[in-house]
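Report on one structure; see the data block that follows.
Please treat every number below as a calculation from the coordinates, not as lab data. Owing to the predicted nature of the structure, the values given are computational and were not obtained by experimental measurement. All Cβ positions, even for glycine, are placed from backbone atoms using ideal geometry, and neighbour counts span all protein chains on display.
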Ligand code: ADP
Ligand code: F6P
C-alpha cells in the first residue's frame, strides 16, 4: 500500500473533517502517500485530486462541514462512469480509496471495488441509518443541535402556552428524533418505524393542559413529515395555539461534539489499518465501543432495527 485517496460524499456530517484528518495523518505516519478528492464522486470523475500532507489537515479537527467538500453525483450509478473513476485513480497511482458517507456512498464504493479499486467506507451521516454500526459520524452533533433547538422552542412555547411541533431530519430513520425526544423530554415522538395514532396524540396534549403543562413538544421525524399540517390540525381540534418548526439543514452544521470527533478519529485511523492489512470492500463501524471492520456487502444487506425499548421508555417518562 503506497498511495491512498480519501473523499467525502452524500450529505455532509459534522466530524467528516476529523475523519479525513485521521486518515491522512495515520497514512502519513505509516509512510503512505495521500490524495484528497474534492466534491465526492463528482470530483473523482472530473479528476479533482490533490496531494495531501500533514498541513492540509491542520486546524480542521474542530470544524463542521467537510473541507474536501461533498456532492451527490447521479452519474456514478452508471458503470462506464465508475470505470472512468477507476481509471483516474489508476492514473494517479492510487491503490485504495477511503469513502466517508452514508449508504448511497457505500454502494458507490462497493461497485467501485468490483473494478479493482480497494475501498473502505467510513459511516458519515447525521441520520444514524446504517444497520451494521451503533453510531455514525455526525449523529451526536446533530442530536445536540436538535436538543438546543428544542430547549429554545420550549422557552417560547411555555411563554405562549403553545404546542410546538418540530420536524427533525433523518431521512427514513427515526433515531435522531427518538434520541432528541428522550434528551429533550418531548411529549410526543413520531417516527416512521412506529405506528402513529393522532387521537392518542390529541388526548396526550389535552391531558397535558389539564395537568398544568405550559407547553407540549411534539417531535416529528422527516420520514413522517407534515409538521405544518399536524400543527394546524392540533390547533383546530384542541383549541390550543400550535406552531410548526422545520429544523432543516441547521442540523447538518456546527462544530462536531467531542464524541463525534473521537469517533471519527478512531474510525479514520482504523480505515488505514484495514487497508494496510490488505483488506478491501470493508466498512468501519462501532459496536459496544469497539471499532471494527466488516464486509461492505454484508453491512449493506443488514436490516436496521429500531430501538423500541427506548421509544417505550420515552413514552412512559415524557408524558
Ligand atoms: P449518502 O451517502 O449520504 O447515503 P446519497 O444516497 O446521496 O448519500 O449517495 C451519495 C452518492 O453516492 C450519490 O450521489 C452517488 O454518487 C453515490 N451512489 C448512491 N447510490 C449509488 C448506487 N446505487 N450506485 C452507485 N453510486 C451510488
Ligand atoms: O442524509 C442526511 C440528510 O440531511 C437527511 O437527513 C436529509 O433527508 C437529506 O440529507 C437532505 O438532503 P439535501 O442536503 O440534499 O437536501
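Given a Förster distance of 22 Å, report the FRET efficiency between residue 152 and residue 172 from their Cβ-Cβ distance, rounded to the nearest 0.05. Intermediate values should be presented prior to the final figure.
Details: r = 27 Å, r/R0 = 1.22.
Calculated value: 0.25.
Ellipticity at 222 nm from helices only: DSSP H runs of n ≥ 4 in the chain, each -39500 (n - 2.57), divided by the residue count, give -13500 deg cm²/dmol. Principal-axis analysis of the Cα atoms of the chain puts helix 258-276 at an angle of about 30° to the longest axis. Taking 117, 34, 237 as the candidate residues, the one with maximal mean-square fluctuation in a Gaussian network model of the chain, Cα springs under 10 Å, is 237. Averaging 1/r over each pair of different alpha-carbon atoms in the stretch 139-253 and inverting the result gives 13.8 Å, the Kirkwood hydrodynamic radius. Hey, with R₀ at 35 Å, roughly what FRET efficiency would residue 262 and residue 87 work out to, going by the Cβ-Cβ distance, to 0.05? For R0 = 35 Å, the calculated efficiency reads 0.40.
Could you list the residues of the stretch 45-78 with an amide nitrogen less than 15 Å from a label point located 7 Å from the Cα of residue 107 in the Cα-to-C-beta direction? Hits in the stretch 45-78 for residue 107 at 15 Å: 72-78. Most simply put, the chain has about 25% antiparallel DSSP beta bridges, counting only bridges with both residues inside it. Projected over every direction and averaged, the convex hull enclosing the alpha-carbon atoms of the stretch 168-319 yields 10.9 nm². The angle separating the long axis of helix 139-160 from the principal Cα axis of greatest extent in the chain is about 20 degrees. Residue exposure proxy: 100, 173, 73, ordered by other Cβ atoms within 10 angstrom of their Cβ from fewest to most, comes out as 73, 173, 100. Protection proxy ranking for 43-53, 268-278, using the average of other Cβ atoms within 10 Å per residue and placing the highest first: 268-278, 43-53. Sorting 6-19, 223-236 by average packing, meaning the other beta carbons within 10 Å per residue, from highest down gives 6-19, 223-236. With a 10 Å cut-off between alpha carbons and a GNM built on the chain, which of 58, 158, 242 moves the most? Greatest mean-square fluctuation among the candidates belongs to 58. Annotation: extensible slack from residue 114 through residue 207 equals 27.7 nm (criterion: 0.36 nm per residue apart, minus Cα-Cα distance). Computed from Cα atoms, the angle from the helix 79-91 axis to the main principal axis of the chain rounds to 50 degrees. How large is log10 of I(q)/I(0) for the stretch 37-157 at q = 0.15, 0.16 Å⁻¹ when the intensity is taken from the Debye formula with one equal scatterer per alpha-carbon? Relative scattering, expressed as log10 I(q)/I(0), comes to -0.77, -0.85. Projected label points at residue 198 and residue 279, each 7 Å from Cα along the beta carbon direction, are separated by 4.9 nanometres. Estimated from the Cβ-Cβ distance and a Förster radius of 22 angstrom, the FRET efficiency linking residue 308 and residue 288 is about 0.65. Computed over the Cα atoms of the stretch 275-319, the ratio of the radius of gyration to the Kirkwood radius (Rg/Rh) comes to 1.23.
Scaled to the globular estimate 2.2 N^0.38 Å, the Cα spread of the chain, given as radius of gyration, is 1.09.
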